[in-house]
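For reference, the structure is listed below as structure tokens.
The values are calculated or read from the model by the stated rules, or taken from the named source; none is laboratory data. Keep in mind that this is a model prediction, so the values were computed, not measured. Methodologically, a virtual Cβ is constructed for each residue, glycine included, from the backbone with ideal geometry; neighbour enumeration extends over all protein chains shown. These area figures cover heavy atoms from the full protein model, side chains too; ligands, DNA and RNA do not enter into them. Shrake-Rupley method; radii C 1.70, N 1.55, O 1.52, S 1.80 Å.
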Amino acid sequence: MTTASAPRPRRALLRAALIPASLAASLVLVPLPVANAAAATPAPTEAGPLRIHDVQGGTRISPQAGKPVTGVPGIVTGVRAYGSSKGFWIQDPNPDADPATSEGVFVFTGGNPTVKAGDSVLVSGKVTEYYPNFGGGSQSITEITAPGITVLSAGNPLPAPVTVDTRNIPGTYAPPAAADGSIDAVALDPEKYALDFYESLEGMLVQVKDVRVIQATDKYNELWVAADKQDQRSKRGGVLYESYREPNVGRLMIQQQAPVGQQPFPVANVGDELTGTTAGPLDYNNFGGYTLVAGTMGALKDNHLQREVTAQPADRELTLATYNVENLAPGNPDAKFAELAQGVVTNLRSPDIVALEEIQDDNGATNDGTVDASRTVAKFVAAIRAAGGPAYDWRSVDPQDGKDGGEPGGNIRQVFLFNPQRVSFTDIPGGDATTAVGVTGTGASTALTASPGRIEPNDEAWTTSRKPLVGQFSFRGKKVFVIANHFNSKGGDQGIDSRFQQPTRGSEVQRIKQATIEQAFVAKLLAADKEARVVSLGDFNDYQFSPALAALTKDGVLRDLVNQLPETEQYSYVYQGNSQVLDHILVSPEVGYAKYDVVHINAEFAQQASDHDPQVVRIKP
């Protein structure tokens with residue numbers, strides 16, 4: 001998936017407990033100074049009429065939103081003293097009888113809070129609904145902002161955390177939306193819908209026990225676990241994303257309250273376990289939805305996940321692979337080139353043809369009009385050679401500057417690597433960034449009008465997106481047409497945890513157009529030669545069950561090989577705890593023999609050369 005990197009605001013979740021009014025009235029009240037608090041409200045001197053459950057209410061939007069509240073009591077259950085959203089969580093130890101109303105809330109201070117877990121406090125301020133990404137459809141977080149804080153006592157016991165597991169997570173993910181498409185104002189039904197269940201615990205202490213890691217630790221010190229053991233498990237320990245209808249309900253992101261400088265975060269791969277108890281407040285963020293911000297972290301149990309190696313091909317088999325190398329540029333560390341090269345040589349066994357996605361131009365993200373990528377490719381080819389691989393030759397078409405999307409200045413494109421000792425490339429002049437490749441001849445004389453060439457590069461379907469690269473190859477005297485793809489990304493789509501249900505997948509419209517154009521091109525090849533051997537491969541940025549892949553395979557011109565794998569092996573990418581398919585290899589009907597493999601070497605690991613797993617197919621043309 002191609003998206004420009006952006007700074008991520010850090011939002012941590014802590015759980016707090018409230019002090020009953022009767023107890024607060026008997027204590028000596030000591031005002032608490034709060035460092036750097038934005039427009040702080042005066043510190044309260046007594047408990048007010050509202051409790052946290054009154055602030056939270058029975059929907060996602062507080063009935064007190066936009067209003068001042070005075071003297072809301074609670075026990076501090078956690079403190080966030082880093083990132084852009086500093087503050088703390090409080091929780092009422094005396095809950096009401098309504099399971100829909102949360103007993104916890106986040107208090108946003110803006111500066112470093114000086115309260116500690118276990119402090120009994122009174123909080124005054126303004127109730128605010130904070131949307132981490134309002135335009136992108138995120139849900140909101142109910143907060144008390146510009147707070148005035150009074151500490152009543154310290155060292156109080158924290159409320160018992162709510163255990164989140166298969167027994168109480170509902171099997172249905174999202175509730176039906178209101179007429180406006182939003183679930184914001186819909187009454188919570190935490191026994192029926194998973195999103196309502198989590199929302200009813202927003203800001204409260206929750207815990208998971210002995211949970212499996214379903215997405216590896218990332219560079220932001222986050223990982224994902226499966227709180228519900230009934231979600232569909234992948235062969236190697238993740239959970240599979242199988243349809244739009246019902247996302248996996250038990251996925252939870254795990255962060256920690258302590259900065260990593262004070263407490264290292266566990267470095268976990270998919271299939272590892274957090275044994276024992278992981279506990280903390282339940283937060284929400286735009287990068288993962290509901291998040292357990294751990295004050296207590298379980299112990300990491302290593303499941304010793306191994307990187308896969310594909311089967312050894314036979315001499316008469318033509319091997320073709322696809323690999324998204326994630327914005328590869330000459331300025332990347334040599335270690336990245338070496339790791340990617342090792343993947344090609346060892347794990348993919350040096351395929352005859354490799355379609356690469358996300359090859360950047362020769363100065364990477366420097367935005368100065370450079371479009372040539374010969375230095376980038378040469379450095380990668382040399383790394384493959386150094387790893388014991390073949391001396392690959394290569395072909396590509398330089399894009400127009402700034403026209404193909406991706407990281408600004410990077411000018412990513414697809415590139416064919418091929419082993420000239422095994423396969424030959426048929427060079428046909430005429431291919432460039434703006435000239436559409438066509439089909440000429442019939443039967444055995446069928447050929448491309450340009451090789452390498454680009455499919456309909458001027459069509460609006462490819463606006464700010466990579467155009468398919470097509471090349472004509474020969475293996476043992478037989479012609480093979482290969483299409484390297486990188487369809488437009490999912491950037492801008494509403495998340496599956498969106499306040500809009502069903503979420504809008506706006507980017508899908510463009511991918512359907514792209515798939516329709518490519519399907520027509522393949523149909524033209526097959527009309528000229530019904531026995532044409534076509535392999536279309538790459539990062540299609542969409543699922544095997546998506547409308548885009550349905551458009552691409554229309555009329556049987558191509559078949560998607562991922563569907564031939566056992567269901568538990570159908571994934572090439574992991575996002576928000578879902579193991580999913582974004583990369584594909586498809587073949588035309590004449591390619592009957594096709595041994596296909598997704599080679600899991602990246603997506604499930606904390607240490608990644610790329611965020612995608614490569615794929616390879618062995619065919620007999």
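Key figures
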item	result
Cut-off under 5 Å, modelled amide H: who pairs with LYS490 long-range	THR2
Phi to ³J(HN,Hα) by Karplus 6.51 cos²θ - 1.76 cosθ + 1.60 over the range 604-620, Hz, x for Gly, Pro	9, 10, 5, 8, 10, 7, 8, 7, 10, 8, x, 9, 9, 9, 10, 10, 10
Residue-level accessible surface for HIS304, protein heavy atoms, 1.4 Å, Å²	130
Test item: Cα-centred dipole of the chain, Lys/Arg +1 and Asp/Glu -1 on Cβ, debye	800
Accessible area of the chain belonging to carbon and sulfur atoms, whole % at 1.4 Å probe	51
Angle in degrees between helix 508-528 and the longest Cα principal axis of the chain, rounded to the nearest 10	20
Cα-centred dipole magnitude for the range 75-183, charges only on beta-carbon of K, R (+1) and D, E (-1), debye, nearest 20	380
Amide H partners (placed H, <5 Å) of GLY148, local residues excluded	THR41, SER124, GLY125
Whole-Hz couplings from phi, Karplus 6.51/-1.76/1.60, listed for the range 321-335; x for Gly and Pro	10, 10, 8, 7, 9, 6, 6, 6, 9, x, x, 4, x, 4, 5
Kirkwood estimate for the range 120-161, i.e. one over the average of 1/r between Cα atoms, Å	12.7
The chain - percent relative contact order, Cα under 8 Å, separation 6 or more	13
Check: the range 294-392 dipole with +1 on Lys, Arg Cβ and -1 on Asp, Glu Cβ, in debye	360
The range 550-565 - phi-based ³J(HN,Hα) in whole Hz, Karplus 6.51/-1.76/1.60, Gly and Pro as x	5, 5, 5, 9, 3, 6, x, 5, 9, 10, 8, 5, 4, 6, 7, 7
Solvent-accessible area of GLU456 with every protein chain in place, 1.4 Å probe, in Å² to the nearest 10	80
Three semi-axes of the equivalent ellipsoid, the range 208-279, Cα gyration tensor, whole Å, largest first	23, 12, 11
Amide proton proximity set for GLY402, modelled H, under 5 Å, gap of 5+	ASN411
Mean ellipticity per residue at 222 nm, deg cm²/dmol - from DSSP H runs of n ≥ 4 across the chain, formula -39500 (n - 2.57)	-3000 deg cm²/dmol
